[in-house]
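Presented below is the structure to which this report refers.
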Number of protein chains: 2
Amino acid sequence: MTEPTPTPSEAPMKTIAFVLYPGLTPLDIVGPLQVFAALGDLVPGYRTVVVGERIEPMGSDTPLSLVPSHTFEDMPEPYALIVPGGLVPTLAAMADERLLQHLRTTAARSRIVGSVCTGSLLLAAAGLLEGRQATSHWMYRDLLARFGATPVRRRWVEDGHIVTAAGVSAGIDLALHLVGRLAGSEVARMVQLFIEYDPEPPFGPIDWSAADSGEYAPFARKLLHDALGDAPALLAHLSS
Amino acid sequence: MTEPTPTPSEAPMKTIAFVLYPGLTPLDIVGPLQVFAALGDLVPGYRTVVVGERIEPMGSDTPLSLVPSHTFEDMPEPYALIVPGGLVPTLAAMADERLLQHLRTTAARSRIVGSVCTGSLLLAAAGLLEGRQATSHWMYRDLLARFGATPVRRRWVEDGHIVTAAGVSAGIDLALHLVGRLAGSEVARMVQLFIEYDPEPPFGPIDWSAADSGEYAPFARKLLHDALGDAPALLAHLSS
């Protein structure tokens, strides 16, 4: 929110790279992106980029299309890599070997690897969560176990250099936490002030009873089947 | 988040139109857009669109570019019109008579007119807030008075058919409130569940002391001057 301050030339720029792919849930990416963009405005040496397969408009699960600022090739070694989620297109992307390979290669060179919502399923499908604690959108959190991860019900989970957030809006909380870790709590609180993040959910906290009783499980299964029709082996592994 | 249900042909489609313009703060638009997109998935008869001057990528105050789904001309009569905000580009847009005229014309035909963050300054500059209570991002809330509105310090403010939200993330709360009004609290709570909006700001509520003491007032004034260099009369009116 402030004017960019020139970085001292001796300090290496730390790049926070957000992954964009067709069909994702825009709030998954925009929530934490807005937080880290403010970090870049407030603290010299941090910048955000949005990376995708190509620099062209990509649809989302809303009528908004989004355009990345860079390709994966432009940003081979970001400081942090953040993978947002979505519904059917993200579930389908679990079988997109090209995207998974981008994630594997880039994650191996990143100091922090993060996800929001079902983005953690992409990290898991890329083999990055094996033996780790992780979380995801509540509807698909248990699937993480099929990839060798331990699903945890928390707003965000840190396990080594990998951080995963719960569904959609949880990316804002995760990002503020990471900003606090990178730049201190004072900067994180300033970012929070600038994005006026003082939530007042008009109907109070979430009522988890329907989710916990499994009411949405058939719906979640149907979407998974819709998404993985062309990947029967993965579908069988995840449905068994 | 569910499959779209066909709308009975006798029910008129209610369109929630989000305004996109260059340089805005993407979380201002994406927060409430995600909420209303979920309404459209859950309840027949609602749909969201993103309207702009032209259907082409527009920069934001992050590295992400955004593309609207429709032009203003495509959507002359939405049910609701929501105007997001931003920093310098939004302040500059207070002098963009072409955009203001779009807002005036469309707002006159809309049942609900809303804003997020400094989007309320655009409604105010368009003459739509005269004699009304309204809110905005805390840094510019008091400016509303210069346009004949009464600034109110609340997460969101309803005055007749005009609803304004506080800064950036407040658009999510406002949108859930509106969904509750349009479709009932049960649907609003379902949307809240799907976007997993159970906020846990890692550093607790906002500490308002620096903002309240006026510490950021010189910064806010500087940005206003930067934005309105080409509109000296408006700048003088707002700075006097």
(request) Using the Cα centre as the reference, give the magnitude of the dipole from point charges on the C-beta atoms of the protein assembly as shown (Lys, Arg: +1; Asp, Glu: -1; all else neutral), rounded to the nearest 20 debye. (result) 260
(request) Quick one: check the C-alpha center-to-center distance for region A:158-222 versus region B:134-163, whole angstrom. (result) 28
(request) Mind checking region A:56-120 for trypsin sites (Lys or Arg not before Pro) that DSSP puts in a loop (not H, G, I, E or B) and that have at most 14 other Cβ atoms within 10 Å? (result) A:ARG109, A:ARG111
(request) Would you tell me the mean number of C-beta atoms belonging to other protein chains that fall within 10 Å of each C-beta in B:166-175, as a whole number? (result) 5
(request) Name the shape class, rounded, prolate or oblate, that the alpha-carbon gyration tensor gives for region B:117-213, where a ≥ b ≥ c are the square roots of its eigenvalues, rounded holds for a/c under 1.5, and otherwise prolate holds if a/b is larger than b/c and oblate otherwise. (result) oblate
(request) Have a look at A:LEU66, A:LEU123, A:LEU144 and tell me which one the Gaussian network model of chain A (Cα, springs below 10 Å) gives the largest fluctuation. (result) A:LEU66
(request) Would you list the membrane-span-like helices of chain B, meaning whole DSSP H runs whose alpha-carbon atoms span at least 18 Å along their axis and whose mean Kyte-Doolittle value is at least -0.5? (result) B:26-42, B:170-183
(request) Would you kindly state the longest site-free stretch of chain B, with sites defined as GluC sites (Glu not before Pro) in a DSSP loop (not H, G, I, E, B) surrounded by at most 15 other Cβ atoms within 10 Å? (result) B:131-214
(request) Run through the DSSP bridge list for region B:14-200 and note the antiparallel percent, rounded to the nearest 5. (result) 20
(request) Report the residue, chosen from A:ALA107, A:ALA210, A:ALA166, that carries the largest GNM mean-square fluctuation when chain A is represented by alpha-carbon nodes joined by springs under 10 Å. (result) A:ALA210
(message) Could you work out [θ]222 nm for the protein assembly as shown from helices alone, using -39500 (n - 2.57) per DSSP H run of at least four and dividing by all its residues? Round to the nearest 500 deg cm²/dmol.
(response) -11000 deg cm²/dmol
(message) Is the C-alpha gyration tensor of region B:176-228 telling us rounded, prolate or oblate? Criteria: a/c under 1.5 is rounded; beyond that, a/b larger than b/c is prolate, otherwise oblate.
(response) prolate
(message) Charges at C-beta only: +1 for Lys and Arg, -1 for Asp and Glu. How large is the resulting dipole of region B:14-200 about its Cα centre, in Debye rounded to 20?
(response) 460
(message) For chain A, set up a GNM with springs between Cα atoms under 10 Å and report which of A:ILE29, A:ILE112, A:ILE195 has the largest fluctuation.
(response) A:ILE195
(request) Can you bin region A:14-204 into rounded, prolate or oblate? Criterion: square roots of the alpha carbon gyration tensor eigenvalues sorted a ≥ b ≥ c, rounded for a/c under 1.5, prolate for a/b above b/c, oblate for the rest. (result) rounded
(request) Could you state, as a whole-number percent, how many of the C-alpha pairs of region A:16-114 are farther apart than 24 Å? (result) 15
(message) Check which residues have an amide H placed less than 5 Å from B:ARG132's amide H, if you skip close sequence neighbours.
(response) B:THR150
(request) Would you kindly derive the ³J(HN,Hα) couplings of region B:74-79 from the backbone phi angles with the Karplus curve 6.51 cos²θ - 1.76 cosθ + 1.60 (θ = phi - 60°), listing them in order in whole Hz, with x for Gly and Pro? (result) 5, 10, x, 9, x, 5
(request) Pull up all non-local amide H partners of A:TYR46: gap of 5 or more, or a different chain, and H-to-H distance under 5 Å with H placed in the peptide plane. (result) A:LYS14
(message) If you take each beta carbon of peptide A:66-73 and count the beta carbons of other chains within 10 angstrom, what is the mean?
(response) 3
(message) What does DSSP give for the protein assembly as shown in terms of the percent of beta bridges that are antiparallel, rounded to the nearest 5?
(response) 25
(request) For the protein assembly as shown, take the alpha-carbon Rg, divide it by the Kirkwood Rh, and send me Rg/Rh. (result) 0.96
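FYI, it's all coordinate maths here, none of it is from the lab. Keep in mind it's a predicted model, so treat the numbers as computed, not measured. Cβ: placed from backbone, ideal geometry, glycine included. Neighbour counts: every protein chain shown.
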